[in-house]
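All remarks here apply to the structure that follows.
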Amino acid sequence: MKILAIETSCDETAVAVVEGVDGELEILSDVVVSQVDIFAEYGGVIPEVAARSHLEAMMPVLDRAMEGISWKEIDAIAVTHTPGLLGSLLIGTLTARQLAILHNKPLYAVHHLKSHIYANWVGVGVKENKHNVPFGHVPGHSGQVFTSRRAHSVYSPSPTFSLLALVISGGHTQILYMREHNQFEIVGTTRDDAVGECFDKVAKILGLPYPGGPSIAKVAENGDAFKYKLPHPQVEGLDFSFSGLKTAVLRVVQKELGLPISHPSHDLKNHLNEQQVADFAASFQRTAVDILAEKMEMALKKFPEVKSIVVSGGVSANEELRKVFREKFGDMVYFPEPKFAGDNAVMVGVAAYYEILSGVKPVNPYHLDIMPRSEIK
Ligand code: KG4
Ligand code: ZN
């Protein structure tokens with residue numbers, strides 16, 4: 001079964017074709033145009049600009065992903081329709097609806113968090129593929145482009161159920177219990193900011209470029225992770241809170257510089273030297289990773305029967321987090337390949353494939369709506 005998948009929930013325009021045969025998956029194409037270059041200049045995503053960029057990139061990205069594949073071969077279309085930025089979701093969803101109607105294909109509407117979780121099944125059962133032909137640039141687009149074709153060559157073992165899924169992205173921080181494929185129970189969630197958002201905000205305080213996660217990880221390599229003590233929020237059960245951590249960084253920076261708490265946060269970066277930035281980045285990263293690891297330890301105590309932990313979302317690319325989780329949880333912890341940790345369309349196709357195997361029915365392409373906010377079901 002060949003699935004054409006589309007992802008435009010935030011600032012990546014992505015289209016992929018995946019093929020599933022008897023539970024094994026192969027990536028036939030994987031095209032991503034990222035707008036990070038554009039938003040690095042603004043220090044964050046501007047929704048109107050993101051929607052416009054999706055519109056410009058969509059057709060070239062789609063053409064590239066479909067190169068060498070005929071519409072006759074496509075068995076289904078999958079698209080992210082929730083949650084995300086309204087204008088961004090609209091571009092992908094309307095494109096998918098039109099394609100489904102035009103080519104008479106069943107349409108599957110996929111929840112973005114489900115896709116992130118299923119990034120952990122991307123390599124499952126894939127056999128070595130030696131045809132590794134990278135694509136060129138998507139014409140007429142200034143964003144950063146990552147494209148590949150039949151580039152997947154890693155075989156990875158499959159996570160086993162029941163499992164705990166930790167989704168850590170720019171918009172979400174959740175722990176989900178999965179008894180089986182496509183069954184989700186939210187057992188912990190953030191009460192305020194997502195952890196990725198916290199990386200982005202702390203990066204801004206330290207004067208590091210957007211997106212904050214990779215910038216913090218990079219400078220943290222030269223920093224002392226134990227230099228500054230930051231508090232762990234006291235949140236009951238498996239819930240999280242990250243807005244206090246961001247404020248704690250702000251206060252410790254102000255204190256370190258001998259400035260009052262009324263000193264504007266946007267000016268602090270002008271007073272910090274390179275080593276202080278590295279030490280703050282490392283101390284913050286360590287604290288954020290420790291908070292996530294502690295909650296997962298608590299979750300394991302609550303659900304001792306689970307056999308795997310799958311981590312996903314943009315923050316799951318973080319090397320320090322991977323190291324700490326591997327130390328604490330050993331072989332039971334799974335991560336997506338780093339290039340599938342952030343937003344991409346391959347994970348949407350894989351999630352749709354497992355939805356189809358689980359008996360989920362297609363949606364009406366004339367009626368599919370977007371939802372900027374919604375919980376996974
Ligand atoms: O999953 P994602 O690409 O988009 C959302 O669905 O939100 O996640 C983006 C988030 C951003 O906050 C970014 O700073 C963070 O993931 N991120 C990282 C790393 N790479 C991306 N955070 C920590 N370490 C990284 N290496
Ligand atoms: Zn995402």
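The values are calculated or read from the model by the stated rules, or taken from the named source; none is laboratory data. These numbers come from a predicted model, not from an experiment. Reconstructed Cβ throughout: ideal geometry from the backbone, glycine too, with neighbour counts over all protein chains shown. To get the accessible areas, we keep the full protein, side chains included, count just its heavy atoms, and leave off ligands, DNA and RNA. Shrake-Rupley method; radii C 1.70, N 1.55, O 1.52, S 1.80 Å.
Brief remarks follow.
- Cα gyration tensor, the chain - rounded (a/c under 1.5), prolate or oblate: prolate
- A straight line joining the Cα centroids of segment 1-18 and segment 210-289 runs 35 Å.
- Gyration tensor (alpha-carbon) shape descriptor, segment 1-46, a/c threshold 1.5: prolate
- Most to least accessible of Val277, Val21 (protein chains only, probe 1.4 Å): Val21, Val277
- Taking the protein heavy atoms of the chain in the context of the full set of protein chains, the accessible area attributed to carbon and sulfur is 53 percent at 1.4 Å.
- Filter on Lys246/Lys339; Lys114/Lys201; Lys269/Lys301; Lys201/Lys227; Lys2/Lys339 - keep pairs with C-alpha separation over 30 Å: Lys269/Lys301
- The listed peptides 112-118, 269-275, ordered by packing as a protection proxy, come out as 112-118, 269-275 (highest mean of other Cβ atoms within 10 Å first).
- Magnitude of the charge dipole for the chain, about its Cα centre and with charges confined to Cβ atoms of Lys, Arg (+1) and Asp, Glu (-1), is about 280 debye.
- Percent RCO, i.e. relative contact order, over segment 186-283, from Cα pairs under 8 Å lying at least 6 residues apart: 43
- Farthest toward the positive end of the dipole of segment 278-377, out of Ala345, Pro362, Val333, is the Cα of Pro362, where the dipole comes from beta carbon charges about the Cα centre.
- Options Ser34, Ser9, Gly123, ranked by Cα towards positive dipole end of segment 1-129, top entry (Cβ charges): Ser9
- Solvent-accessible area per residue, Å², over the chain with all protein chains present [probe radius 1.4 Å]: 43
- Anisotropy class of segment 310-377 from Cα gyration tensor, a/c 1.5 cut: prolate
- Computed [θ] at 222 nm, helices only, for the chain once each DSSP H run of length n ≥ 4 contributes -39500 (n - 2.57): -12000 deg cm²/dmol
- Estimated at the nearest 10 Å², the accessible area of Phe242 is 0 Å² with a 1.4 Å probe.
- Between the helical axis of 346-357 and the longest alpha-carbon principal axis of the chain there is an angle of about 60 degrees.
- Volume in Å³ per residue [convex hull over Cα atoms, computed for segment 32-103]: 89
- Relative contact order of segment 237-348: 22 percent, from C-alpha pairs under 8 Å at least 6 residues apart in sequence.
- Charge sum, other residues only, whose C-beta stays under 9 Å from Gly212's C-beta, Lys/Arg counted +1 and Asp/Glu -1: 0
- Peptides 210-217, 31-38, 261-268 ordered by average Cβ neighbours within 10 Å, highest first: 210-217, 31-38, 261-268
- Cα pair distances of segment 231-346 binned at 10 Å [whole percent]: 11, 34, 31, 18, 5, 0
- Among 188-200, 298-310, the order from most to least packed when residues are scored by Cβ within 10 Å on average: 188-200, 298-310
- Where both bridge residues fall in the chain, DSSP classifies roughly 65% of the beta bridges as antiparallel.
- Counting Lys and Arg as +1 and Asp and Glu as -1 over every other residue whose Cβ lies under 9 Å from the Cβ of Ile261, the net charge comes to +2.
- Largest to smallest in accessible area, the residues Trp121, Trp71 fall in the order Trp71, Trp121 (1.4 Å probe, all protein chains included).
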